[in-house]
Amino acid sequence: MIEVRDIAREFRRPRQVHGPLGGLRTFFTREVDIVHAVSNVSFSIDAGEVVGYLGANGAGKSTTIKMLSGILVPTSGTITVNGLVPWEDREANALNIGVVFGQRTQLWWDLPLIDSLRIIAKLYRMETAHYERNLARLDELLELTPFLDTPVRQLSLGQRMRGDLTAAMLYEPKILYLDEPTIGLDVVAKERMRGFIERVNQESGTTIMLTTHDLADVERLTKRIIFIDKGLVLFDGPVAELKHRYAPYRELHVTLAPNGDQPELPQMPGIIDIEETPGRLEIRFDPATIAVADLIAAVVASHPVTDLAIVEPALESVVREIVQSGEVRR
Amino acid sequence: MSFVANIPAWRELIRASIRFQFMYRFSVIMGILLAGVTIYLLTVVWTSAYAGQDEVGGIPLKLMLVYLTISNLQSWYLKPGIGFDIVDRVREGQIGFDLTRPVSYPSQLIATAAGDQLGMLPMVVVALPVAAVLGELAAPPSWQAGVGYLASFIIAWFIAVELAMIIGLVAFWTLEMTGFMMVYNLVGGFATGALVPLWFMPDLLRQAVQLLPFQSIVYVPVSIYIGIPATGSMYTAMALQVFWAVVLAGVIAIVWKRALYRTVIQGG
């Protein structure tokens, strides 16, 4: 569905001159700084996939999305989206894609939401009956009715984002680009957004590319991650694999009965680390070496256990480590 | 045919921008007051410049005042806001959405500009009496001049929209548009002939102004209205306008294509 080959995009800006008369010298300088927003990125995404596109601020995520949607032209490389080159067949491509930029709105600020949606329906060549059917369905999923007649500038952020998602999905595009769709939303609104994205993918088979800084979005919605940093792809594969490379361990969190004994655990192969606090044990272990059942049996045999939990490493700590080290472990 | 498929889209954009004009009616009314003051001042100045003579250079004072009144009424009416719209949308990064529509951005702008004009139409009812009181209004000398004026006016609208679009597209290269806009408004405002008709300009200035497209916005249609068309016949005058409309369309096609390759979206 989406084929990206060796794309790069650089931006030029006049070099800032500092020191005496710096402003004036900046004005006359002919030197430019070249910023490589995207250096060399390739990937392909199949129809119906949900892909998380991750990276730190300034890694090149939004620049890639803008090239995919035909807004920006890459400096080099090729892109085809559903068989079209986005910036050459801009208008035909537009019919295939829906775009949500979390920090902006495509809605008309001064018009009631319903008017914006009607304009968008016409822009995307929808028949009235088709528009009304789709609006009714989106209304059911996103509960738009209470604010359909409110001017967009008066909507809360959560309402506005629901409006923007409606606008992007109204004409049933095959592909949805979501650039930080949950930014700034509260817990309830985030959850609603995720539920919606999930349903759209499952029911309509919409291909979704999602950039976010909220890794709960990724864990909930995607199986595959593309991780970029400084304009290069660092990792492209399943979420589980990335976690496995970084944190091949699990943790067993044990809550002990109050005032009970807290004896030492016997030494066992596969236990990496034990963190002990009164009433609580956190045992980090390698599931490849020691079976979870054996470990639990050993703990229960020697300790008065009231609760047990096996915890997977959080994606967040994995991502923090990648961003800080600037590379992905092989 | 994407042209036919896009007609409902353009119609909806026109409808939306008509609504915007009603929302912004306060600034439209301020515009009428400004035009009224300009008309009044020009009437006073030109009456005094005629120094009691009925006619200067073959132009009777009354005809001169009608020219000035119609010119400034028309300058008020034909002021496409799309130039500022483009600059704002590029500055705020909203242009990204405009570029991901199945309808080309230039055609969206033309539809928006058409809606603006239609939305202002009811305001003409307010503007006309103001102009009549502060200036001088008269019917065209013949029905041919009236019909010619309407045709010429529509081409003038198109040229005004094209010029606004070209100026707005400069924002793709630089966002510092304020100074540029000031110069443009001053030069453009003078070169339309709304303050001084071309026939009273010194030769060198007139020849320079005649090489520019601005006279096609005001001077050409209004001179048809008062019955002394710019190039001697109203048909050649309109041909000149059409020439400029086509040239500017070509300029837009080139600038637009280059702008797309220049697009930088502000912000993340």
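The values are calculated or read from the model by the stated rules, or taken from the named source; none is laboratory data. Bear in mind the structure is a predicted one, so any value in this text is a computation, not a measurement. Cβ coordinates were reconstructed from backbone atoms using ideal geometry, including for glycine residues, and neighbour counts include every protein chain displayed. The area values use the complete protein model at the heavy-atom level, side chains included, leaving out ligands, DNA and RNA. Shrake-Rupley method; radii C 1.70, N 1.55, O 1.52, S 1.80 Å.
Quick look at the values:
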read-out	value
FRET E, pair A:Asp214, B:Ile154, Förster distance 35 Å, beta-carbon r, rounded to 0.05	0.05
Residues of the stretch A:244-267 with amide N under 20 Å of a point placed 7 Å along Cα→Cβ from A:Ala291	A:249-253, A:266-267
Among A:Ile65, A:Asn82, A:Gly19 the positive-end extreme of the charge dipole of the stretch A:1-88 (Cβ point charges)	A:Gly19
Shielded by partner chains, the stretch A:53-93 residues - at least 20 Å² of accessible area, 1.4 Å probe, vs chain alone	A:Lys66, A:Ile71, A:Leu72, A:Val73, A:Arg90, A:Glu91
D (Stokes-Einstein, µm²/s), Kirkwood Cα radius, the stretch A:200-330, 1.567 mPa s at 4 °C	75 µm²/s
Chain B: most fluctuating residue of B:Ser71, B:Ser17, B:Ser104 per GNM, C-alpha cutoff 10 Å	B:Ser104
Theoretical FRET efficiency, 1/(1+(r/R0)^6), r = Cβ-Cβ of A:Arg13 and B:Thr178, R0 25 Å, to 0.05	0.80
Whole-percent carbon and sulfur share, accessible surface of chain A, 1.4 Å	50 percent
In Å, descending, principal axis extents of the Cα set of chain B	65, 38, 38
Cβ charges +1 (Lys, Arg) and -1 (Asp, Glu), total dipole of the protein assembly as shown, debye	2000 debye
With every protein chain in place, the stretch B:3-266: carbon and sulfur % of accessible area (1.4 Å)	72 percent
Rg to Rh quotient for the stretch A:17-124, alpha carbon positions, Kirkwood Rh	1.09
Options A:Thr222, A:Phe235, A:Leu170, ranked by Cα towards positive dipole end of the stretch A:122-271, top entry (Cβ charges)	A:Leu170
Under Karplus coefficients 6.51, -1.76 and 1.60, residue-wise ³J(HN,Hα) of the stretch B:233-243 in Hz, glycine/proline x	10, 5, 6, 5, 4, 5, 4, 4, 4, 4, 3
Cα-Cα separations in the stretch B:83-189 greater than 24 Å, expressed as whole percent	42 percent
The protein assembly as shown, Rg to Rh (Cα coordinates; Rh as Kirkwood inverse mean 1/r)	1.13
Chain A - Rg over Rh from alpha carbon coordinates, Kirkwood radius	1.08
Summed buried accessible surface, chains A and B, 1.4 Å probe, nearest 100 Å²	2900 Å²
Rounded Å value of the spacing that divides the Cα centres of the stretch A:122-197 and the stretch A:264-330	42 Å
Cα-based Rg / Dmax (Å) for the stretch A:32-74	11.9, 42
Pairwise FRET efficiency - A:Phe28 versus A:Thr150, Cβ, R0 = 41 Å, nearest 0.05	0.25
The stretch B:13-62 shape via C-alpha gyration tensor axes, a/c threshold 1.5	prolate
